[in-house]
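Below is one structure, written out as structure tokens; comments come after it.
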Amino acid sequence: MKYIKKIVIYIIILEAFNLVIGLFYNGTDTFLSFTGFNDPPLYYDMDSLYGVTRQKNAKQMMHYPWGGIVNEINSHGFRDDEFNDDGVLVVGNSFVEGFGMNKEDRFSEIIEQELDITINNAGSGGVWTPIQGVVLLEHLLKSEKLDCKKIVFIMTPGEVVNIGKRNPKNDSGRNYPYREGDSIVFHKAKYNSFGNNLSLPSKVKRFCKSLLMFKIFNTFKYYGAAKGKRKELDFDERKLDWIVKKIEEQKFDQVIDIVVINNLGRMHLNKITDYQNNSNNIRFHVVQFPDELSNYFVANGHLSEKGNKVLARILKPIFKN
């Protein structure tokens, strides 16, 4: 029994030390509710436009990789500082958002520092598709009247393959746009599963995620080499043509740089470099991401700090021109 008491005392001391470290690095943000990839509160905003923007002007604590990462959400619903009209707007999924990374370690912040420019990062994780990117561009540039000098529209191989495909399991709880025929239409959720309040079991669960033992577990879980298998994928050129056409129809003042990051997530699009685009307002780029597994977190396949540095190096010439 005395050994059990000693173990309990040691654990309490370690957790107190863990709290002090948290306060040192994050201040009072240490006490923010932990959230996950698909968890409330604050993570998703039930927005009728694109369905996966964060709740605006909010703070969230993501529960990995070590001790949690504070996400500060701007007035547009994205994890970045307030957008600057003189900056470059970049749109894309969780790879663009830098999911799981400290903000300063994302590829966009690395490029900002190296080129001395401002990048407005409108990346968003979740069930993201290029169709949401099209709707987002229209909303930010026309409704919100952002006047960014350059637009970079990033697509991953999985997005290119699945253009227009719906995700039925999310139909009941999330709004989002999708393709129907030649049009973009909006799915209206039957109910809102996200909110600002937490149940007692959820509070207990999230509190446990702040404990030292959980952080040690996450360190082993999210670091190391990923184990994803390389996939060879074919894509439908007509679907890619449709996305390009939908962007063209908006008649934006800026030239849009569409970038496909081939081999990202170890998904390789066959013959994507042969794709031709004849638009005067759209420049189409294909960049190749290297195959090393060490660029990814071991558990979820998102880019690690090293992977973001690699992505910054690959994308830098596009942001520079």
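The values are calculated or read from the model by the stated rules, or taken from the named source; none is laboratory data. The shown structure was predicted, so the numbers you read here are calculated from the model rather than taken from an experiment. Positions of Cβ are generated from backbone atoms using ideal geometry, with glycine treated the same way; all protein chains shown enter the neighbour counts. Just so you know, the surface numbers come from the protein's heavy atoms only, side chains and all, with ligands and any DNA or RNA stripped out. Shrake-Rupley method; radii C 1.70, N 1.55, O 1.52, S 1.80 Å.
With protein chains left intact and a 1.4 Å probe, residues in region 238-318 average 46 Å² of accessible area per residue.
Given R₀ = 51 Å, FRET efficiency for ILE11-ASP81 by Cβ-Cβ distance, to 0.05? The calculated FRET efficiency here is 0.85.
Annotation: per residue accessible area for region 66-186 equals 36 Å², rounded to a whole number [probe 1.4 Å, protein chains only].
Taking the charge dipole of region 78-140 about its Cα centre, with +1 at Lys and Arg Cβ atoms and -1 at Asp and Glu Cβ atoms, the residue from SER94, LEU137, GLY126 reaching farthest to the positive side is GLY126.
Checking every one of the GluC sites (Glu not before Pro) in region 227-310 against DSSP loop status and a limit of 13 other Cβ atoms within 10 Å picks out GLU292.
A straight Cα-to-Cα reach below 29 Å connects LYS209 with the lysines LYS2, LYS5, LYS6, LYS56, LYS59, LYS103, LYS169, LYS221, LYS227, LYS306, LYS309, residues fewer than 8 places away in its own chain not being considered. Relative to its residue count, region 259-311 spans a Cα convex hull of 81 Å³ per residue. With a Förster radius of 56 Å applied to the C-beta separation of LYS149 and LYS203, the computed FRET efficiency comes to 0.80. Close amide H contacts of ASN162 (hydrogens built in the peptide plane, cut-off under 5 Å, sequence separation of 5 or more or a different chain): none are found. Backbone geometry of region 264-281 corresponds, through the Karplus equation with coefficients 6.51, -1.76 and 1.60 at θ = phi - 60°, to 3J(HN,Hα) couplings of 5, x, 6, 10, 10, 8, 6, 6, 5, 5, 7, 5, 10, 10, 9, 6, 7, 9 Hz, x marking Gly and Pro. Residues in region 135-143 carry Karplus couplings, in order, of 5, 5, 4, 4, 5, 5, 7, 9, 6 Hz; the curve used is 6.51 cos²θ - 1.76 cosθ + 1.60 with θ = phi - 60°, and Gly or Pro positions show x. Couplings 3J(HN,Hα) for region 253-259, derived from phi with the Karplus relation 6.51 cos²θ - 1.76 cosθ + 1.60 (θ = phi - 60°), are 6, 8, 6, 9, 9, 8, 10 Hz, where x marks Gly and Pro.
Length available on full extension from PHE31 to VAL185: 0.36 nm per residue minus the Cα-Cα distance, which gives 51.4 nm.
Summarising the amide proton neighbourhood of ALA58: residues at separation of 5 or more, or on other chains, whose placed amide H is nearer than 5 Å comprise ILE73.
Backbone amide hydrogens, once placed in the peptide plane, bring MET267 within less than 5 Å of LYS231, excluding anything fewer than 5 places away on its chain.
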